[in-house]
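The values are calculated or read from the model by the stated rules, or taken from the named source; none is laboratory data. Predicted model only: the values in this text are computed from it and were never measured. Cβ atoms come from the backbone with ideal geometry, glycine included; neighbour counts cover every protein chain shown. These accessible areas exclude ligands, DNA and RNA; they are computed on the full protein's heavy atoms, side chains included. Shrake-Rupley method; radii C 1.70, N 1.55, O 1.52, S 1.80 Å.
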Amino acid sequence: EVNVVGLAGCVCRLTGEPSWSIGDAKEAIFEAVQIPCREQRLVVGVEELSDDDALSSLVEEDATVYITLVRRDPLQALWLERVEADAEELEDAPAQIRADREVVMKAVRQIGWVLQHADEALRSDSEVVLAAMTNSGASTVKEVGEYAVLAALRCAELGPRSDRKVIMAAVRRAGKSLRYAEDSLRADPEIVMTAVAQDGLALHFAADALKSDRQIVLQAVQKAGLALQYASQELREDPEVVLCAVQRGPPLCLAYTSQDLLANREFALQIVKAEGLALFYLPEHWKVDREFVMEAVKSNGAALSAAAEELWSDREIVLQAVQQDESAGCSPLKFAAEHLKGDREVVLAAVRSNGHALQYAAPHLLADRQVAIEALRRTPEALLWLPPACRQDRQVLFLSAAPRRAKERARERSPTFLKRRPRWRSRSRQ
């Protein structure tokens with residue numbers, strides 16, 4: 001038996017089933033006294049029951065359950081239902097609802113950025129802001145989750161921005177939310193370290209004193225090489241910090257370090273061994289240095305384009321570059337001297353790494369059957385650069401069509417294709 005009581009006394013008595021949930025009990029109360037389910041708040045002791053709770057968990061020894069019914073304001077009940085279905089409805093809610101903590105909490109737990117529509121008092125409530133950040137859209141996409149945290153904190157008033165717990169929760173999910181923190185928290189080493197561990201570029205918003213902290217800056221450049229630009233001048237000239245930034249990439253980070261450091265031969269060699277494309281940002285005298293260019297193309301063949309033009313004629317360097325081609329488009333062969341574009345060994349090495357290199361080969365090599373076959377094995381689209389006579393070769397045509405045939409076979413084996421494929425039935429003879 002379920003005894004439902006209100007502030008004025010007994011509301012109704014129900015005979016419940018063991019399998020009932022609290023939601024079922026609300027339906028029974030509605031049938032008994034016509035109070036809509038959305039307006040019912042059922043409480044046992046000081047704890048409000050949710051619709052999913054089992055009624056059997058409340059049964060005492062005498063098999064009687066005593067539940068207190070507190071009726072919600074009809075307007076509040078309506079808006080709780082509306083924001084549960086669509087949190088963005090909060091934007092159209094009347095002022096008294098946007099100041100209702102329960103309605104706003106339900107909305108921001110679904111989509112954090114709707115906090116901007118809440119009353120100012122609730123945007124100053126740390127618990128509400130924290131709920132907006134930690135359950136922002138329940139998204140599994142990292143970028144969307146970070147956006148929601150940033151949006152929620154941007155909407156918050158000064159109180160939550162100076163709350164250490166709120167800011168720590170924010171920077172764990174979106175390092176750049178450090179920008180909205182109060183000044184004293186941007187000078188907190190633990191908070192800043194947490195922020196740069198999540199997003200190295202959050203170093204931009206740290207207090208100046210912490211931009212000189214070697215551990216914090218190292219953590220930042222390990223996460224994002226471009227964070228080097230926000231470090232103190234002293235650390236931007238620190239070889240270990242700069243090397244760490246280059247290894248993380250992109251090599252553009254070298255634009256923020258000292259030219260005196262890059263003029264050091266031993267250090268500059270370390271840089272190009274770690275990232276060949278760093279050659280673009282090194283002083284000009286290293287671009288004519290054969291040893292430097294060789295080390296750069298060993299790391300990344302595309303570094304050949306940054307070398308001095310006189311080294312584009314160096315067969316050993318060009319051969320090394322085309323063998324280390326990591327691109328899916330333009331080949332280092334494009335920058336080789338004309339006589340090397342006609343060198344069969346160099347061109348074969350180039351098309352084996354990147355079939356697109358065929359477009360830069362000398363005309364007489366375009367008609368070379370082995371060169372054509374090697375290019376097509378790597379990149380079927382290389383057929384575009386072959387002369388008409390070569391396109392008549394059976395093996396050449398076979399290789400160029402291979403990806404299309406593989407795609408068709410995969411499609412034919414897919415469950416969707418098999419499901420849609422018509423099933424032919426033989427007609428019985430009349």
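What are the residues in the stretch 208-250 that are closer than 15 Å to VAL171 by Cα and either open to solvent by 30 Å² or more (accessible area, probe 1.4 Å) or over 22 Å from the mean Cα position of the chain (by Cα) (or both), if any?
ILE216, GLN219, LYS223
Within the stretch 274-293, can you find the residues that are of a type in the set (Asp, Glu) and open to solvent by 50 Å² or more (accessible area, probe 1.4 Å)?
Of everything in the stretch 274-293, those that are of a type in the set (Asp, Glu) and open to solvent by 50 Å² or more (accessible area, probe 1.4 Å) turn out to be GLU284, GLU291.
Output the number of residues of the stretch 297-334 satisfying the condition of being of a type outside the set (S, T, N, Q), within 22 Å of ALA382 (Cβ to Cβ) and open to solvent by 50 Å² or more (accessible area, probe 1.4 Å).
Number of matching residues: 4.
Somewhere in the stretch 131-143, is a residue assigned to a helix (DSSP H, G or I), of a type outside the set (Lys, Arg), touching a residue at least 40 places away in the same chain (Cβ under 8 Å) and closer than 20 Å to THR194 by Cα?
Yes - at least one qualifying residue is present in the stretch 131-143.
Taking the stretch 1-53 only, how many residues are among the small types (Gly, Ala, Ser), within 16 Å of ARG72 (Cα to Cα) and either assigned to a helix (DSSP H, G or I) or open to solvent by less than 100 Å² (accessible area, probe 1.4 Å) (or both)?
The qualifying residues number 3.
Any chance the stretch 72-93 includes a residue that's under 30 Å from HIS117 (Cβ atoms), open to solvent by 50 Å² or more (accessible area, probe 1.4 Å) and part of a loop (DSSP other than H, G, I, E, B)?
There is at least one residue in the stretch 72-93 that is under 30 Å from HIS117 (Cβ atoms), open to solvent by 50 Å² or more (accessible area, probe 1.4 Å) and part of a loop (DSSP other than H, G, I, E, B).
Each row is one residue, and each column tells you yes or no for (1) closer than 23 Å to VAL246 by Cα; (2) touching a strand residue (DSSP E or B) at 6+ places or on another chain (Cβ under 9 Å); (3) crowded, with 16+ Cβ neighbours inside 10 Å.
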| position | (1), (2), (3) |
| --- | --- |
| GLU295 | yes, no, yes |
| HIS339 | no, no, no |
| VAL347 | no, no, yes |
| ALA350 | no, no, yes |
| ALA361 | no, no, yes |
| HIS364 | no, no, no |
| GLN370 | no, no, no |
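Can you name the residue in the stretch 265-293 that is outside any helix (DSSP H, G or I) and in contact (Cβ under 8 Å) with a residue 24 or more places away in the chain and, of all such residues, is nearest to VAL241 (Cα to Cα)?
GLU275
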